[in-house]
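Novice: Before we start, here is the structure in question, set down as C-alpha cells.
The values are calculated or read from the model by the stated rules, or taken from the named source; none is laboratory data. This is a predicted model, so every value here is computed, not measured. Heads up, the Cβs are rebuilt from the backbone with ideal geometry, glycines too, and the neighbour counts pull from every protein chain shown. Only protein heavy atoms, including side chains, enter the accessible area calculation; ligands, DNA and RNA are left aside. Shrake-Rupley method; radii C 1.70, N 1.55, O 1.52, S 1.80 Å.
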Amino acid sequence: MPSEECNDAWLETFRAAVQHPERTERQGALKSFGQDFTRDSIIAEECPRIFDDTYLHILRCYGDRFESVRTLAVAAMDALLGKLPPNDYYLGCIVPVLAKRIGQAETIEDSEEVRLQLLEQLETLVAKYSDPDGSRGGDPLLKVLDSVIDTLIKSLRDPFPAAQKKSCEIVIALAEATPSLHYRAEALVAPAKSILTHRHSANRIAAVEALGVLSLHILSNGDCVSEIIMAVSPLLMDDVPFVRRACGRVGCLMLQKLRDRYSFFHRILPLVLNCLCDETVEVREDIEAGWKQAGELYYRENETELSKAALIETVPKGYPGERYRRPTLACRAIVQRSLRVVNLVLHEMEEWKENIRLHATKLLKQIVLHAERSFSTLFLEVNPVLAKACMDAEKSIVSEALSVCELMGILLDYDTWSQHMLTTFQNYPTIGQLRCMRTLFASCVQDEAKCKDVRKFSTLLLDPDVCHNHRDAVYQRELLEFCSILASSGQKQESLTARLEEITVCESNDSTAGEQQTLERTLYTVALKVVAFCYGLEDRASVRDLGMTVLGLLDSNVDRLHQHHLASVLCKIEHLESENSDASTSILLLCGIVAVCGFQDSYFTILNETLQKAVTHAAPEGKVKLFSAISVAMLSWNVHNAQSKEDQIAMLRALTDAVIAPHLVWSAGRSAESVRAMATACFASMAQGVDPNVYMSLLPTYLNVLSGLIDDNCIATRAYSLKALVRLQALNFESLKLIAFPIMSRLDDPSGEVRELAAVCLGRLQLDVALSEDGQQNTIERWQDILRQILSVMFLHLEHPETKLRCAIFDSLKRLHTDNRELIERLASDVPSGCSYKKDLETITSRTKST
C-alpha cells in the first residue's frame, strides 16, 4: 500500500470485496491481500490491527462454497500469520475454525487439497507457538490443545494419504512444541495405529515415528505403551527397508527416553535386535549406532555394577569373531536382564506364518549372541521349540535355527545341554532333535569334555528308531553327518583306530545285559545300516556315498571293517523268523548288507545262516528281494574272495544248497514263479562274478535242475538259466546230453533274448573226453550224433529274419567248428547251393582252412 493513510480505505475496500456475491470479486480481494503481505508492503506494527479488522471476513471464507475461494482464504491467513507476533490470542481465533472445518465427526471440508492446506496451517501454528520448556511465559498451546487433538484424531483417519502423513508430522511437532501432550496422548494412539497398514510406505514410516513419540508422553498407562509396541512390531517384517529402520529407531528411542523403560526392555528389545540382523546394510548400521547409544546410557546409569564386570570380562573361547561382532558389555547387560523376551520369541517361533517364524528365529539368535552364558537357564525351555524349527519346511528357518544351535554350542557350557540332549533324543529321536544335537556337539569348543561322551552319543544312534529310519533321506544324511563328527572327535586325542579299540559302549540300555562293543563297531553299525537301506534307491545315491565316506573315516580299508564287525551286525538283525515282505525293515536291511558287503570268508558262515533263516520264513516278495541282493553280491565275488579253489567251492556250495537250490524246484503260482526266476538269477550272476574254474566245478551238480528251468513257462527264468550257461566249459557226455536239446529247443522261443542266448549257449557245448566213462571213441560218436541234430537245426535258423539271432548262430558255429571240423564241413557240403546261408557256411570252413 502506498501510505498508512490509505489503510482504512484499503481495509474497507477489502472487506466489501471479500463479502461481494460475485466469486471473482472475492477471489481478487483475497489474492491481492495475500500478495501485499508476501511483498512485505505491510509493516509488522500494522499487522495486529489489520488482523482484527479482517480475520472474521477471511475465516468466513473458509466455508465458501467455491474451493478456489477457500484456498485463497487459507493462503491469505497464512500470509497474515507470518507477520503476526506469537500471541496466544490469535490461536484462540484460528484453531477453533480449523477444528470446525476438519475436526468434526462428519467431513465438512470435502476438498482433499484444502484439508491438506488447513493441516499445513495447523502445523505452522504449532511451530509458531512452540514453548516446550515454558520459557516464553507458559504453554500457549495448552489452551487449544483439545481442539488440536480432536482435529488430529479426525485427520489421522483422513482417506487422503498426504493428509494422513501430514497429521503424523503434526503429532511429532506437537510433542516437541508443548509439554502438555501427555494429557491427551493416549487419544491419538488408536488413530495413528490405523495408518500402520497403509499401502504407502511413507505413511507407515510417519505413523511408526508418531507412535514412538506418543509412547514417550504416556505417563501412567503401561498397557497403552505395550499396545504401541505390539502394533509396531509386525512392521519389522515390512518389505520396505526404511519402514523396518523406522521401527528400529523407535525401539532405540524408547530404550533411551521412555519413562519406566527398564520394565519395558523385554518388549522393546525385539524392535532393535531384529534390525541388527536385517538384510539391508543401511538398516543394520543405523540401528547398531542407536543400540550402542542406548547401551552407553545404560552403562552410565549402572556404572558401579558394570565397571566391575568389565574388569574381569574375557572373550569366550572359540567366539566366532569372523562372523559376529561381539556386542558391548552394556548392550549384553540389557538383554541379560530382559530374558523374559524369550517367552514371546518362542511363541512366535510356532506361528503358522513362515515370515513370523523366520524373524522370531533370527531374533532368538541375537538374544543368544547377547545373553551368552546367561542363556543357560533357558536351554530346557528353548530346546523343544528350537528342535521343531530345525525341521521346518522352510529352509531359511532351518538355517537360522542351526545358527542358533551353533552359537549355543560355542557360548554355553557343555554340561548345560549335554545330559538334557542325551535324554531328550532318547525319548524323541526326531530329525529336529538330531540336527540340534549334532550342531551343538560339532560347535562345542570344550573338546575334552565332549570327547569323554562320544560313546554316549554314539550309543543313542544305535537305537532302531534312529538308525532304522529308512524312509527319510534327510534324516539318514543327518545321522551320517553326526557319525562323521563323532568319528572326527575320536581322532582329536590320538589316531582313531588306536583310540576306538580302547573305548567301549554298551549297546543295551539295560546295564545287566550290556554287551560291550568298540566305538568303531558302533559307528560302523550305524553307517552300514544307513548305506544298506539306500540299496536300490537311485535318489539316495548321495546319502550312500556319504555313508561310504564315513566308513572310510573309520578305516581306509572298508573290507577290513566288514571282516571285523559285520558278523556282529548280522547277529542283531531281528524278526527274520517272521513272514517279512519286501518292505520289511529286516529284509531291507539284510538285502542292503548283502549287496553292499558281498561275501567274504570271515563272516560267510553267519551270513549264510542269516540268509537261510530269512529266505525260509519270508513272504514271496521278500524272497524275491533277497535273491536279487544275492545276485548283485555274486557279481563281486572275485573282488572279495582270493581263497583257494576248494575253499571257494565249499562256500558257494553251502550257500547254494541252503539258500538257492531249494527254490529252483518248480511249484505252482505266480509268486513261486517270481521266486524261481530270481533264484535262477543267482546262478546267472555266479557265471559272471565267480572265477570260471570255480564255477564250472560247482555247476554240474545243478545241471539237472537248470535243464528243466530252460523250458520254464516264465521268460525271465528261461533267460537267467541260459545266462548261467553262457560261460560253459567242457563237460562229460551225460551233462551235455542233459542240456543240449533243451537249449536247442529255445531257438524257437517267443522271446528274442532267449533265442539269442540259446544260440550263444549252443556254441559253448564242448565234450570233455577225459571225463568219459564208456570209452573215448564211443562217447565221441554218441556226441557226434547229438551234435549233428543240433547243427541241422542251427543251419535252418540261419534263414531266420532276425539279424542278431543269425549273428549269434554264426559265432557259435565258428566255435563248434574248432572241435568238430569234419562234421560241420560234411554237413555244410550237403547244403544245396541255392540256400541263402550256403555262403556263410563256406566262409566258416574256408577261414578255418586258411588258419
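Novice: Could you pull out the GluC sites (Glu not before Pro) across region 22-125 that fall in loop regions by DSSP (anything but H, G, I, E, B) with no more than 12 other Cβ atoms inside 10 Å?
Specialist: Numbers: sites: 22, 25, 45, 46, 67, 106, 109, 112, 113, 120, 123; in loops: 22, 106, 109.
Passing both the DSSP loop test and the Cβ count: 22, 106.
Novice: Beta carbons within 10 angstrom, averaged per residue: use that to sort the peptides 665-678, 386-399, 753-766, highest first.
Specialist: On the way: 665-678: 15.8, 386-399: 18.4, 753-766: 22.4.
Ranked from most to least packed, the peptides come out as 753-766, 386-399, 665-678.
Novice: In whole percent, how big is the carbon plus sulfur part of the accessible area of region 18-143, probe 1.4 Å, protein atoms only?
Specialist: Numbers: 3010 of 6000 Å².
That share works out to 50 percent.
Novice: Can you pull the one-decimal nm distance between simple spin-label points at residue 396 and residue 807, each 7 Å off the Cα toward Cβ?
Specialist: 5.8 nm
Novice: Could you tell me, in Å, what Rg and Dmax come out for the Cα atoms of region 690-760?
Specialist: Taking only Cα atoms of region 690-760, I get Rg and Dmax of 11.6, 33 Å.
Novice: Grab the beta carbon distance between residue 538 and residue 571, set R0 = 25 Å, and tell me the FRET efficiency rounded to 0.05. Could the numbers behind the result be given before it?
Specialist: Numbers: r = 31 Å, r/R0 = 1.23.
So, using R0 = 25 Å, E works out to roughly 0.25.
Novice: A further question on this structure: Give or take rounding to whole Å, what are the principal axis extents of the alpha carbon atoms in region 661-718, in descending order?
Specialist: 36, 19, 18
Novice: Counting only the backbone N, which residues of region 168-208 are under 12 Å from the spot 7 Å out from the Cα of residue 142 toward its beta-carbon?
Specialist: 178-183
Novice: Okay, which of region 361-376 sit inside 15 Å, backbone N to the point 7 Å along the Cα-Cβ direction of residue 329?
Specialist: Backbone N within reach: none found.
Novice: For residue 449 and residue 818 in the same chain, what is the full-extension length gain: residue separation times 0.36 nm, less their Cα-Cα distance, in nm? Intermediate results must be reported in sequence, preceding the final value.
Specialist: On the way: separation 369, 0.36 × 369 = 132.84 nm, distance 7.54 nm.
That pair, residue 449 and residue 818, stretches by 125.3 nm at full extension.
Novice: Now a separate question. With every protein chain left in place, what is the accessible area per residue of region 234-374 in square angstrom, probe 1.4 Å?
Specialist: Working: 6970 Å² over 141 residues.
Per-residue accessible area for region 234-374 comes out at 49 Å².
Novice: Run the simple label-point estimate for residue 201 and residue 559 please: 7 Å along Cα→C-beta, distance reported in nm.
Specialist: In this crude spin-label approximation the distance works out to 6.5 nm.
Novice: Let me ask another. Once the Cβ-Cβ distance between residue 715 and residue 353 is put in as r, and R0 is 60 Å, what FRET efficiency do you end up with, to the nearest 0.05?
Specialist: Working: r = 57 Å, r/R0 = 0.95.
My answer for the efficiency is 0.55.
Novice: Continuing with this model, one more query. For the residue pair residue 309 and residue 583, what label-to-label distance in nm results when each label sits 7 Å from Cα along the Cα-to-beta-carbon direction?
Specialist: Output for this residue pair reads 5.8 nm.
Novice: Also, I was wondering about something else. Can you tell me, using C-alpha contacts under 8 Å and at least 6 residues apart, the relative contact order of the chain as a whole percent?
Specialist: Working: 1099 pairs, mean separation 35.1, N = 851.
Taking the mean separation of contacting Cα pairs over the length of the chain, I get 4 percent.
Novice: Do me a favour and compute the ellipsoid semi-axes for the chain from its Cα gyration tensor, root of five times each eigenvalue, largest one first, whole Å.
Specialist: Details: eigenvalues 1845, 280, 71 Å².
Its equivalent ellipsoid spans semi-axes of 96, 37, 19 Å.
Novice: Which value, in Å², gives the accessible area per residue of region 166-233 when a 1.4 Å probe is used on the protein heavy atoms?
Specialist: Details: 2390 Å² over 68 residues.
Accessible area per residue: 35 Å².
Novice: How large is ³J(HN,Hα) for each residue in region 734-750, as worked out from phi by the Karplus curve 6.51 cos²θ - 1.76 cosθ + 1.60 (θ = phi - 60°), to whole Hz, x for Gly and Pro?
Specialist: With the stated coefficients, region 734-750 comes to 4, 5, 5, 4, 5, 10, 4, 5, x, 5, 4, 5, 6, 5, 10, 5, x Hz.
Novice: May I ask you to derive the FRET efficiency for residue 52 and residue 183 from their Cβ-Cβ distance with R0 = 35 Å, giving the value to the nearest 0.05?
Specialist: Working: r = 31 Å, r/R0 = 0.88.
Efficiency for this residue pair is about 0.70.
Novice: Moving on. Holding the Cα-Cα limit at 28 Å, pick out from 165/292; 193/257; 143/193; 317/452; 452/613 the pairs that are longer than that.
Specialist: Numbers: 165/292 30 Å; 193/257 21 Å; 143/193 26 Å; 317/452 19 Å; 452/613 40 Å.
Pairs exceeding 28 Å: 165/292; 452/613.
Novice: Filter the chymotrypsin sites (Phe, Trp or Tyr not before Pro) in region 335-419 down to the DSSP loop ones having no more than 11 other Cβ atoms within 10 Å, then list what survives.
Specialist: Numbers: sites: 352, 375, 379, 414, 417; in loops: 352.
For chymotrypsin sites (Phe, Trp or Tyr not before Pro) across region 335-419 that sit outside H, G, I, E and B with at most 11 neighbouring Cβ atoms in 10 Å, the list reads 352.
Novice: How do the peptides 206-219, 541-554 rank, highest first, by the average count of neighbouring beta carbon atoms within 10 Å per residue? Intermediate values should be presented prior to the final figure.
Specialist: On the way: 206-219: 23.6, 541-554: 18.4.
The most tightly packed comes first, giving 206-219, 541-554.
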